[in-house]
1. Going toward the positive end of the dipole of the chain, with +1 on Lys and Arg Cβ and -1 on Asp and Glu Cβ, which of Pro8, Ser50, Val100 do you reach last?
2. Take the Cβ-Cβ distance between Phe32 and Leu55 as r, set R0 to 41 Å, and report the resulting FRET efficiency rounded to the nearest 0.05.
3. Enumerate the lysines that Lys52 could reach by cross-link, defined here as Cα to Cα under 21 Å, with residues fewer than 8 away along the same chain left out.
4. Taking every pair of alpha-carbon atoms in the chain, what share in percent sits in each 5 Å bin, from 0 to the bin with the longest distance?
5. Looking at region 2-45, which chymotrypsin sites (Phe, Trp or Tyr not before Pro) are DSSP coil and have at most 13 other C-beta atoms within 10 Å of their C-beta?
6. Take each complete run of DSSP H in the chain, measure how far its Cα atoms stretch along the helix's own axis, and keep only those covering 27 Å or more with mean Kyte-Doolittle hydropathy at least -0.5; list them.
7. With +1 on each Lys and Arg Cβ and -1 on each Asp and Glu Cβ, how big is the dipole of region 1-84 about its Cα centre, in debye rounded to the nearest 20?
8. Rounded to the nearest 0.05, what FRET efficiency is calculated for Ser94 and Asn174 with R0 set to 35 Å and r the Cβ-Cβ distance?
Amino acid sequence: MFKKFLIPVIAVFGFYYIFFYSHIEDNLKLIFKVIPMLLIIILAASQKGSKKYQLLIVVGLAFCMVGDYTLQWFLIGLTSFLVGHIFYIFAFSSTNERQVPAWAKVILLVYGASMAVWIAGTVLSSGDIVLGIAVIAYISIILLMGWTAIRTGSTFAIIGALLFIASDSYLAINKFVMPYPFHMR
């Protein structure tokens with residue numbers, strides 16, 4: 001019953017933040033940004049199953065929630081997301097592992113290489129070697145997280161990982177390559 005109530009509440013807060021971002025008072029934007037993540041953490045903590053997996057996922061979610069809040073200080077937020085993804089990798093690696101289909105391997109490798117060339121190449125061409133290396137490391141970690149999510153065979157883990165990859169790609173392109181319309185911080 002609790003989960004059936006919590007999922008729509010998460011959706012409502014998430015959609016409210018996404019679609020009414022411009023109408024939220026500036027001093028409340030960050031609070032509305034982390035409310036869905038806090039509720040997702042509560043949902044994840046209430047799940048049944050392996051305690052090790054659950055703990056690793058909850059800690060990963062907590063780091064990503066902090067990353068959402070601190071993304072205004074880009075490197076702090078990025079580091080928090082990176083740590084969160086490492087916890088997801090450990091969580092996904094602790095489950096029954098399945099073979100990653102060849103098509104998924106190809107897509108992840110081509111996508112990762114393309115993003116590294118495009119985004120890290122743009123950063124490196126600006127002369128910022130340290131940030132360029134950090135971008136390559138982040139792309140590698142998030143793709144490894146996607147890879148390990150696929151190996152779990154869990155639909156939710158795979159969807160979550162793919163959404164993280166898409167979202168982080170959007171943010172990286174917006175920050176380093178070209179601004180997108182309607183972007184949020």
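1. Ser50
2. 0.90
3. Result set, ordered by chain and number: Lys3.
4. Calculated P(r), rounded to whole percents: 1, 8, 14, 20, 19, 16, 13, 6, 2, 0, 0.
5. Passing sites in region 2-45 are Phe20.
6. 26-45, 51-70, 74-93, 129-152
7. Approximately 500 debye in magnitude.
8. Efficiency, from the Cβ-Cβ distance: 0.55.
The values are calculated or read from the model by the stated rules, or taken from the named source; none is laboratory data. Remember, predicted model here, so these are calculated numbers, not experimental data. No Cβ is skipped: glycine too gets one built from the backbone with ideal geometry, and neighbour counts run over all protein chains shown. These area figures cover heavy atoms from the full protein model, side chains too; ligands, DNA and RNA do not enter into them. Shrake-Rupley method; radii C 1.70, N 1.55, O 1.52, S 1.80 Å.
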